[in-house]
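Working notes, beginning with the structure itself.
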Amino acid sequence: MPFSIPLAAAIFFTIWFTVLFAVLPFGVRSQQETGDIVPGTDPGAPVAPRLLAKAIWTTLISAAVFAALAAFAVYAG
């Protein structure tokens, strides 16, 4: 392994949060777009954010990016 365990964890969580911010907007529809505005809420609030699915996709993408980074670190020296 090219990284120590604490460094690998820190790199993975940094990648994970970066990817999370990229994945969060995918598939989000606002209340205004769907025409189903709940009284007392912001019309731009999401209807169904599907956070669990986004967390799973974020983890899968982050694992692939981390594996590519680790492979690069091994082969680059």
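The values are calculated or read from the model by the stated rules, or taken from the named source; none is laboratory data. Given the structure is predicted, the values throughout are model-derived calculations rather than measurements. When we count neighbours, we look across all protein chains shown, and the Cβ atoms used for this are built from the backbone with ideal geometry, even at glycine. Keep in mind that these areas ignore ligands, DNA and RNA; they rest on the heavy atoms of the full protein, side chains included. Shrake-Rupley method; radii C 1.70, N 1.55, O 1.52, S 1.80 Å.
Thinking of the chain as a set of Cα atoms, what percent of all their pairs are more than 14 Å apart? Value for the chain (Cα pairs over 14 Å): 68 percent. Shown for the chain: the carbon plus sulfur share of the solvent-accessible area, taken with all protein chains present and a 1.4 angstrom probe, equals 74%. Solvent exposure of the chain, expressed per residue, is 71 Å² of accessible area, with all protein chains present and a 1.4 angstrom probe.
Only Cα pairs under 8 Å and 6+ residues apart enter the sum, and on that basis the relative contact order of the chain stands at 42 percent. Against the chain, whose longest principal axis comes from its Cα atoms, helix 51-76 is set at around 20 degrees. Over all other residues within a Cβ to Cβ distance under 12 Å of residue 28, the charged ones net out to +2, with Lys and Arg as +1 and Asp and Glu as -1. Highest mobility in the GNM of the chain, judged by mean-square fluctuation with C-alpha springs under 10 Å and restricted to 56, 11, 37, is found for 37. In the elastic network of the chain, a GNM with C-alpha springs shorter than 10 Å, the most mobile of 25, 49, 39 is 39.
Note on the chain: with a GNM built from Cα contacts shorter than 10 Å, the maximum mean-square fluctuation among 59, 41, 18 falls on 41.
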